[in-house]
Amino acid sequence: MADNNLTNIKSDDEIKVKRKKSDIIFTVVFSIISIFWVYPLLMVLINSFKTKLSIGSTPFNLPDETTFVGLDNYDQAVNTKMDFFSALINSLIITILSVALILLCTSMCAYFVIRVNAWYTKAFYYLCLFSMIVPFQMIMFPLSKVTDMLGLNSPFLIPIVYLGFGAGTALFMFTNFLKSVPLEIEEAAMIDGCGPIRTFFSVVLPIMKPTIISVGILETMWIWNDYLLPYLVLNIRYYKTVPIVIQYFQGSFGQVEWGAIMASMVITITPIVILYLCLQKHIVKGVLSGAVKG
Amino acid sequence: MEKIMKKNPGYFCLFLLPTLLAFMIGFVVPFGMGIYMSFCKFNTLKDLDWVGFENYSKIFMADEGEIVINSFWFTALFALVSTVAINVIAFMVAVLLTKNFGGTNIFRTIFFMPNLLGGVLLGTIWKILLNGILISFKETLTTSGINGFIGLLILMIWQQVGYMMIIYVAGLQGVSDDLKEAAKIDGADSKQILFRITIPLVMPSISMCTFLTLTNGFKLFDQNLTLTSGGLQHNSEMLALNIYNTFYSRVGWKGVGQAKAVLFFLLVGAIAIAQLKMTQSKEAD
């Protein structure tokens, strides 16, 4: 970014006037395009204050005297119809526990795979890479049966399933990074009397921090938004996540509860957008480091 | 370090075993079972009945075959069209947003936003929007396959342009300005600079993004489920959703569903490997 600015300032001097005009045109054109990106989210907010019938039939209208319902939809989403907050809490528990577990276990695992040169570490590594190209539909039915048998169908145990199915990407990114870490640093720690465990936690782990943030962000985006895996694995009668309730209440219940759905989407999207604006730099970095050729 | 870690199995148990066990539960065992079960008739795990290739032949028989083939072409066409559309738009947006005019950072922020929401929320939002428009033509997203196709296309463009744009912007920022400057002095116009210098240099980003959009297109599920749920008479049912419906909305078809899933895996795997091979050979040049 910084380089870009500098060189552009240089060339700006030569063709300043001409540039200024086209700059304004670009800004205007992109502002118009941006409306298409912002409007759908704004529409959710506007419709969350309307009656459920008017949402389906006239989604583009602003609320008027007949369609305005105040905070009724929010009340329905949280208190009466959807029990939305328990879904929100389930989603939070699952995402936080799974990401923490994935980061801890796969970073340790990647360290072992990189430092111990043996047939089993290699076999495991390639098997993990292989798992990255397998679509979920291939394993969904047996997986849901296996996890049922093992009792992994609650928000506190489903992180184990995420660790298993999500190991590939995380392991790949961690090993990629560790390949570039020189052995000398660890050898120095060893001479100072550190065993592998202390070396890993006090020397290697701090070096891995940027990759840990990137992997954490990618896994969070995946698990928070995941629909099918939790839908099939969790005991759906007791535990629903945010995507599950939102889909569930569009299901075959006669009339779709659009009002409650809109309100719950507003409650979900608002903190995400705020978090995104704060963490944008890290998120962009995470996306980029996930996009290395695999 | 290696010697110590190899000698004492305790380190193996601490570092590798947790992930290995979870990987067994979450991937290896279900994968193996999945292959075996594709040759069986079953409803649960306890009534597995070996039937050989019967499930596979059922996929392509009569009415079922027609639905599957339609679903395949719908998916393939969608993956192709969406890959081209998303990448062309994302690349153009990235080229423009690496120029320095007011608000480029804000626009990048806005375009990326949909990626934070996930398929179910996105599908729900666009179902309301698009049905709200189609209602004035007395149609919905499900009434015809074309409606479903275009709806999904709009949704996926809206979602993925921002994601791919970020990758392209990073690639474009890696192209040195000196090169472009030199070409300009040698008399190249901006079109030549774009096609002869910029595009060849961001080829790694281009192949990465095509890979991502193509596999995303083939594997699309959440958006398909929420936006059209397959449409009327399967008119916009993509492969992943077709497999899901074979499992969960029909009685006695689970074996066939699993057989479809195996073929689906082979298809997606073949595309991924072909794409990787192509990228590798290009980078070797």
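Name the one entry in B:VAL161, B:VAL175, B:VAL120 that is touching a residue at least 60 places away in the same chain (Cβ under 8 Å) and touching a Ser or Thr at 6+ places or on another chain (Cβ under 7 Å).
B:VAL120
Hey, can you tell me all the residues within the stretch B:20-51 that are closer than 21 Å to A:GLY151 by Cβ and in contact with a Leu (Cβ under 6 Å, 6 or more places away or on another chain)?
B:ALA22, B:PRO30
Examine the stretch B:174-195 for a residue that is at pLDDT 90 or above, within 13 Å of chain A (Cβ to nearest Cβ) and either surrounded by 21 or more Cβ atoms within 10 Å (Cβ to Cβ) or closer than 28 Å to B:LYS277 by Cβ (or both), and state whether such a residue exists.
no
Given the options B:THR44, B:THR124, name the one that is within 30 Å of B:VAL251 (Cα to Cα), assigned to a loop (DSSP other than H, G, I, E, B) and within 11 Å of chain A (Cβ to nearest Cβ).
B:THR44
The conditions are (1) more than 13 Å from every other protein chain (Cβ to nearest Cβ); (2) in contact with a Gly (Cβ under 7 Å, 6 or more places away or on another chain); (3) closer than 19 Å to B:LYS260 by Cβ, and B:SER82 fails exactly one of them. Which is it?
The number of the failed condition is (3).
With touching a Leu at 6+ places or on another chain (Cβ under 8 Å), assigned by TED's automatic domain parsing to the domain that holds A:THR106 and among the β-branched types (Val, Ile, Thr) as the only criterion, which of A:VAL273, A:VAL287, A:VAL204 stands out?
Details: A:VAL273 fails: assigned by TED's automatic domain parsing to the domain that holds A:THR106; A:VAL287 fails: assigned by TED's automatic domain parsing to the domain that holds A:THR106.
Result of the check over A:VAL273, A:VAL287, A:VAL204: A:VAL204.
Return the residue satisfying two criteria in turn: it lies in the stretch A:145-172 and is of a type in the set (S, T, N, Q) and buried (at least 21 other Cβ atoms within 10 Å of the Cβ), and of such residues it is farthest from the other protein chains (Cβ to nearest Cβ).
A:THR169
Before we move on, is A:ILE217 in contact with a His (Cβ under 7 Å, 6 or more places away or on another chain), within 11 Å of chain B (Cβ to nearest Cβ), on the phi < 0 side of the Ramachandran plot and buried (at least 17 other Cβ atoms within 10 Å of the Cβ)?
yes
Could you list, ordered by first residue, the pairs with Cβ atoms under 8 Å in which the first is in the stretch A:115-141 and within 26 Å of B:PHE247 (Cα to Cα) and within 7 Å of another protein chain (Cβ to nearest Cβ) and the second is among the β-branched types (Val, Ile, Thr) and surrounded by fewer than 13 Cβ atoms within 10 Å (Cβ to Cβ), at least 6 apart or interchain?
From residues that are within 26 Å of B:PHE247 (Cα to Cα) and within 7 Å of another protein chain (Cβ to nearest Cβ), the pairs are A:ILE133/B:ILE273.
Among what's in the stretch B:8-31 and is surrounded by 13 or more Cβ atoms within 10 Å (Cβ to Cβ) and small (Gly, Ala, Ser), pick the residue that is farthest from the other protein chains (Cβ to nearest Cβ).
B:ALA22
Residues of the stretch B:242-264 being within 17 Å of the chain's Cα centre (by Cα) and touching a residue at least 60 places away in the same chain (Cβ under 8 Å), which ones?
The answer is B:ASN242, B:ALA261, B:LEU263.
Output the residues belonging to the stretch A:22-56 that are among the polar types (S, T, N, Q), over 28 Å from the mean Cα position of the chain (by Cα) and more than 7 Å from chain B (Cβ to nearest Cβ).
A:SER22, A:THR51, A:SER54
For (1) more than 19 Å from A:LEU97 (Cβ to Cβ); (2) surrounded by fewer than 19 Cβ atoms within 10 Å (Cβ to Cβ), each residue gets a yes or a no:
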position: A:ILE213; (1), (2): no, yes
position: A:ASN235; (1), (2): no, yes
position: A:TYR238; (1), (2): no, yes
position: A:THR241; (1), (2): no, no
position: A:ILE246; (1), (2): yes, no
position: A:GLY251; (1), (2): yes, yes
position: A:PRO271; (1), (2): no, yes
position: A:LYS281; (1), (2): yes, yes
position: A:LEU288; (1), (2): yes, yes
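The values are calculated or read from the model by the stated rules, or taken from the named source; none is laboratory data. Just so you know, these numbers come straight off a predicted model, no measurement behind them. In this analysis, Cβ positions are derived from the backbone assuming ideal geometry, glycine residues included, and neighbour counts consider all displayed protein chains.
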